[in-house]
Amino acid sequence: MTMVFAGALSHAPGITGRAERADPRLKDAFRGHLGALRRALEESRPDALVVIAAEHFANFFMNNMPAFAMGMAPYYEGPIEDEGWLAIRRTRIPGAPRLSRVLIEGLLGEIDLAYSEEWKFDHGIMVPLHFLTPDFQLPVIPVNINCQGPPLTPLARAWTFGEALRRALDALPERVAVVATGGLSHWPCTPESGKINVAFDREFLERWSRNDRAALLSYTDAQTYREAGQGGFEIRTFISLAAASGGSGHVWFYEPIPIYAVGCTVAVMEVQSRPQGSLHEARAAN
Ligand SMILES: [Fe+2]
């Protein structure tokens, strides 16, 4: 089969940990759209869920930092953080080791992909799963892109990874959903935490919705750091999803919620059926 669903959402720990401190209207609207994203994911009837995420030094450290990593474990555990702080109970999440291995073997032809049979999920994956698979039954395959420890994974490589992931998914008999989670602008763990650059976020989401490869890849890390903080480096996850899906994006919800320290985003992307070659080139030729 192939990729049957493409979604994107925020993952800041305040979304669950400080849930009740937000404006109730914004909180309810955000959660309403997260519920709609869950229903859309369920309707795609996936056999597994690939989560393209950004680590926060929970598993990968500066002694050996991969540009890309994929999980190959029979199960994962999370959250690694304090359960009370994140307001998510620690649990075991099923993996899909055979599927992971097939994907890794397919990707290694194009991507120098690290893989791991051990992976503790931090809020970057647990917050999305809390809303999308609240019973934690759907097998998950985690992906990490280095958005954290410079030198970071180049944006163009994040795009290439997305295209390669799609080709690997197209070769499978299984139905696989993919979600990206990250950013957009935010300054976590700094004195500026809570600051949100709405203009940056909206411009990025506009480029992402157009699936405009050149515009998405034109950000420099210096510009992103200046305008979107170190948390803005997580745009790589959205960029990989755009490359994998090849279609147009639809932003269902975007609102800055300062107590959550991020512009909260819920979005989907059309999955274009282009099994061969560069998805972007195929799209541009149409
Ligand atoms: Fe993050």
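The values are calculated or read from the model by the stated rules, or taken from the named source; none is laboratory data. Note that the structure is a prediction, hence the values are computed from the model and not measured. FYI the Cβ positions are ideal-geometry reconstructions off the backbone, even for glycines, and counts take in every protein chain you see. Heavy atoms of the whole protein, side chains included, go into the accessibility calculation; ligands, DNA and RNA do not. Shrake-Rupley method; radii C 1.70, N 1.55, O 1.52, S 1.80 Å.
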Check: With every protein chain present, what is the per residue accessible area of the range 120-227 (1.4 Å probe, Å²)?
Finding: 37 Å²
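What accessible area per residue comes out for the range 1-117, rounded to a whole number of Å², with a 1.4 Å probe?
Value for the range 1-117: 47 Å² per residue.
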Notebook entry, point to check: Ordering Met62, Met72 by how much accessible area each has at a 1.4 Å probe, largest first, what is the list?
Noted result: Met62, Met72
Next item on the list: Give the carbon-plus-sulfur fraction of the accessible surface of the chain in %, rounded to a whole number; probe 1.4 Å, heavy atoms of protein chains only.
Entry: 51 percent
Checklist line | Two-decimal Rg/Rh across the range 195-280, once Rg and the Kirkwood Rh are taken from alpha-carbon atoms | finding: 0.99
Notebook entry, point to check: Rounded to the nearest 500 deg cm²/dmol, what is the calculated helix-only ellipticity per residue at 222 nm for the chain, with -39500 (n - 2.57) per DSSP H run of length n ≥ 4?
Noted result: -11000 deg cm²/dmol
Check: Spin-label point model (7 Å from Cα, Cβ direction): what's the Glu110 to Ala156 distance in nm?
Finding: 1.6 nm
Next item on the list: Let me know the shape class of the range 57-110, please: from the alpha-carbon gyration tensor, a ≥ b ≥ c as square roots of the eigenvalues, rounded when a/c is under 1.5, otherwise prolate if a/b is greater than b/c, or oblate.
Entry: oblate
Checklist line | Cα Rg, Dmax (largest Cα-Cα span) when computed across the chain, Å | finding: 17.1, 51
Check: Given R₀ = 41 Å, FRET efficiency for Ala215-Asn63 by Cβ-Cβ distance, to 0.05?
Finding: 0.70
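By the gyration tensor of its Cα atoms, with a ≥ b ≥ c the square roots of the eigenvalues, what is the shape of the range 43-195: rounded for a/c under 1.5, prolate for a/b over b/c, or oblate? Let's see the in-between values first.
Working: a/c = 1.67, a/b = 1.16, b/c = 1.43.
Oblate, since a/c reaches 1.5 and b/c is not below a/b.
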Next item on the list: Write out the chymotrypsin sites (Phe, Trp or Tyr not before Pro) in the range 1-65 meeting two conditions: DSSP loop, and at most 11 other Cβ atoms within 10 Å of their Cβ.
Entry: Phe57, Phe61
Next item on the list: Could you please put Trp85, Trp208 in sequence from largest to smallest accessible area, using a 1.4 Å probe?
Entry: Trp85, Trp208
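If you place +1 on the Cβ of every Lys and Arg and -1 on the Cβ of every Asp and Glu, how big does the dipole about the Cα centre of the range 129-254 come out, in debye to the nearest 20?
The dipole of the range 129-254 has a size of about 200 debye.
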Notebook entry, point to check: Between Lys120 and Gln223, how many nm apart are label points set 7 Å from Cα along the C-beta direction?
Noted result: 3.8 nm
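So how much slack lies between Phe136 and Trp85, counting 0.36 nm per residue of separation and subtracting their Cα-Cα distance, in nm?
16.4 nm
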